[in-house]
Structure formats: structure tokens, C-alpha cells
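The values are calculated or read from the model by the stated rules, or taken from the named source; none is laboratory data. In this text, all values refer to a predicted model and were calculated from it rather than measured experimentally. With ideal geometry, Cβ positions are generated from the backbone for all residues, glycine too; neighbour counts draw on all protein chains shown. The protein model used for the area step is the full one, side chains on, heavy atoms only, and it has no ligands, DNA or RNA in it. Shrake-Rupley method; radii C 1.70, N 1.55, O 1.52, S 1.80 Å.
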Amino acid sequence: MKISILDDYFDTLRTLECFAKLSGHEVTIWNDHVQDVDALAERLRGTEVLVLIRERTQIRAPLLQRLGKLRLISQRSVYPHIDIDACTKLGIIVSSSQHPGTPSYAAAELTCERISYAGDHGICLHADHGLINTYTAVFFDRALEATSTIKLDGRPSRTRVSPDGRVAAITVFVAGESYVGSPFSTKTTILDMATGDVLGNLESFTTWRGGARFKNADFNFWGVTFARDSNVFYATLRTAGTTYLVRGDLGLRKLTVLRENVECPSLSPDNRLIAFKKRVGSELEPWRFYVLDLGTLTDRPVAAETRSIDDQIEWLDDDHILYAVRRFQASNLDIWVAPIDNSAPARVFMPEAESPIVAR
């Protein structure tokens, strides 16, 4: 990989221990400062990764458009000198560590209402807001580049990709816009991630409860979470005002009811536990987070988080969960982390973010 480092005035970077991580790559360090676009374009010809020292050099569209192989700009702190819009249009990732102890962000061309990723395959639920809102599902690869797009029948609600990246589930609202308050209707489909083909709508699967067929006209499904093999999955079923946890078999197109009062299940990485929303309160604050042991079907509350939150949880690891929380009287959301054993209080994990997904 060809890496260029600008404005290292005192030639200090090569003395750092971390510089050894670039061993084996073609690295060029420039110790003087040049701002002329023609001179920079010549210096950076063929560069794939550009490392900047703070805001010393302006990186704008006229330069970026001449760096056809550039894929990543890396630096520290604020970035008023970088044309982020131009980077987005050209597919160049900008990664800038803001301060110690805070996350580093990368810009991508995708804008998503919900996102999921696993096994080198991702899915982005995208909304185009206008006089008439339209919605699409964008499939993307490990480079965050779109590979195909399909139209959605309603507003995006939930999505999950199986751990092996073979299949994904999408839930949209075909009526209503929330799981609380007004009536709603959902549509949940399973798709082949390689082709985009629909493998099934959960309402077309056979559902069983207590050994007998179970069917009502008002069935709604949402909140799919996949086991390791991608054939087994779990989801929420609602009918006659009651929610159920169902276990699905994709090959048999079969759903089996396991227990009541489970919404938006999320299977832990070790496939032993399900984190979920449980209705325990009023319509204004209906939910609490719980964890269900699949071996015994017994549950316990996540004591570190006592707020009513409408989100499908993601597991950071086998002991911690991630979820998005809207700020008080604001539109902003933050991603929070909480231990499932109450060993520490819940805290903000990533500010100004939502729809967390851990790439394992």
C-alpha cells in the first residue's frame, strides 16, 4: 500500500514505536509544507492512504479529484481543512481521532435509518424524504460500497444480517410508525444477501404453539435475530394484543412460540442469551430491558438500565449490551452500553449515534 505523510516538519513520526506498524508498505514522509495543488497532486500521485498532521494542508475537491487511488485520509482532531462532501462523493474515508477516550469516526457514502453488517456483507435501510417519502435497502460490501438496491414497501424499522453474512431480515412499517400507542402493521422478510432475492415473508411461515397450528389475521412480526448457522432465528410475534418470542427454522419455513412478552430479541454472541424489551409499565413508559436464558426460558432485568427504551439491542460482547437513547427533549441520540450483571452503571458509549452493530 502506498502511504503519504504530509507536514512532518521535525521528522518525528518515524521515531515513534507505532511507526513500525507501517512496515512492509511504501511510505513517503514530506517534511516541508506545500499548498500548491499541482505540486501536491504530483507528490501524492498513486497515494492510497494520506496521513495529515493537524490542519496544516488544505485538502479540497480540486486536489482530491486528481488523486484517483486515494481511499483513506487519517489524522487527529478537527478537520476544517478537509472537504468532507468531496470525500463522500469520491468514496474516500476520513478517519479523525478527536480526543483520547472518545471514538474515531469514518465518513461513508451511505446514509441509513438502520444498518447491519456481518460476514463481509451489510445492509443499509435508506430513506429519501420528500413530498412522497420513498425507502430502499442498500446492500454493501466490506469497503462500504453499495452493490445493489431494492425498494421497500414502508418505513424502515429493523434489520439484521446473519453472523455468516448469508441472509438478512428487514422489517418495515406498512401502517403506523411506532410500536407504542397507535395501531401499526409490519412486514418482515428474509433475503438472500448474495442475490437480494426474498426467501420468505414471515407471515407465510407456519406458526406452532403448544404443538398445534397457530394462525390469526392480525399477525405482525418484527425484531429478527439470527443464530450462528443462519437457518435458526428468533423474532417477535404480536397477535390479539399479546407479544410472543418465536423460534424460526428458515429451511422448514416454520415458527414455534416459546413464551410471551418478548419484543425485539437479540441473541448473544455465544447463542445462550436473548436481550429484549419487556412490557412492564404504562403506555407512556412501557418497556424495560431484560435478558432471557434460552436453556431455562427464565429472564432477569438489566438492572443497570431503568429507562423505557424502544430499540433492538446489540451485544458488544457476551456481557455487555449496546442501544440508542434519545436525549431529553432533543432529537439527538447517543449509543449507551450497559453490563447485563449490574457490575457497573450504564454510560454513553458513542455520542451522536444510533443503530449500533458490532463487526465480529
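With r as the distance between the Cβ atoms of T12 and L284 and R0 = 51 Å, compute the FRET efficiency 1/(1 + (r/R0)^6) and round to 0.05.
With R0 = 51 Å, the Cβ-Cβ based efficiency is 0.35.
From the phi of every residue in region 317-332, what ³J(HN,Hα) in whole Hz does the Karplus formula 6.51 cos²θ - 1.76 cosθ + 1.60 yield, where θ is phi - 60° and glycine or proline is x?
Couplings: 7, 6, 10, 9, 10, 10, 6, 9, 10, 6, 5, 4, 6, 8, 8, 6 Hz.
With label points built 7 Å along Cα→Cβ from the Cα atoms of D192 and L110, find their separation and express it in nm.
2.1
With a 1.4 Å probe and all protein chains in place, put V37, V161 in order of accessible area, largest first.
Solvent-accessible surface, decreasing: V37, V161.
What figure in square angstrom, to the nearest 10, would you give for the accessible area of W30 with a 1.4 Å probe?
Estimated to the nearest 10 Å², W30 gives 70 Å².
Between V348 and S331, 0.36 nm times their residue separation minus their Cα-Cα distance comes to what? If you can, show how the numbers build up before the last one.
Details: separation 17, 0.36 × 17 = 6.12 nm, distance 1.61 nm.
Stretched fully, the V348-S331 segment lengthens by 4.5 nm.
Taking the alpha-carbon distance from K278 and a cut-off under 12 Å, which aspartates and glutamates remain once sequence neighbours fewer than 8 residues away in the same chain are dropped?
E260, E263, D299, D310, D311
Ignoring any ligand, DNA or RNA, what whole percent of the accessible area of region 116-222 comes from carbon and sulfur when the probe is 1.4 angstrom?
Result for region 116-222: 51 percent of the exposed heavy-atom area is carbon or sulfur.
For a quick check of understanding: with a 1.4 angstrom probe and all protein chains in place, what accessible area in square angstrom does R166 have, to the nearest ten?
Result for R166: roughly 140 Å² accessible.
Once you order the gyration tensor axes a ≥ b ≥ c over the Cα atoms, which shape class does region 262-360 get: rounded for a/c under 1.5, otherwise prolate or oblate by comparing a/b with b/c?
oblate
Under the Kirkwood approximation applied to all pairs of distinct alpha-carbon atoms, what is the hydrodynamic radius of region 8-166 in Å?
18.2
Tell me, what is the 1.4 Å probe accessible area of C18, in Å² to the nearest 10?
C18 exposes around 80 Å² with every protein chain in place.
Taking a ≥ b ≥ c as the square roots of the Cα gyration tensor eigenvalues, with a/c under 1.5 meaning rounded and otherwise prolate when a/b beats b/c, else oblate, which class fits the chain?
Values: a/c = 2.33, a/b = 1.98, b/c = 1.18.
Judged from the Cα gyration tensor, the chain comes out prolate (a/c at least 1.5, a/b above b/c).
Taking θ = phi - 60°, what integer Hz values does the Karplus form 6.51 cos²θ - 1.76 cosθ + 1.60 yield along region 228-234, in sequence order, with x for Gly and Pro?
Along region 228-234, the couplings run 4, 7, 6, 7, 8, 8, 10 Hz.
So, for region 219-360, what is the accessible surface per residue at a probe of 1.4 Å, expressed in square angstrom? Provide the component values of the computation, followed by the final result.
Details: 6230 Å² over 142 residues.
The answer is 44 Å² per residue.
Please state the shape class of region 165-282: rounded when a/c is under 1.5, otherwise prolate if a/b exceeds b/c and oblate if not, all from the C-alpha gyration tensor.
Numbers: a/c = 1.36, a/b = 1.26, b/c = 1.08.
Since a/c stays below 1.5, the shape of region 165-282 is classed as rounded.
Go through K215/K277; K2/K151; K89/K187; K187/K277; K89/K277; K69/K151 and tell me which ones have a Cα-Cα distance over 28 Å in this structure.
Over 28 Å apart, Cα to Cα: K2/K151; K89/K187; K89/K277; K69/K151.
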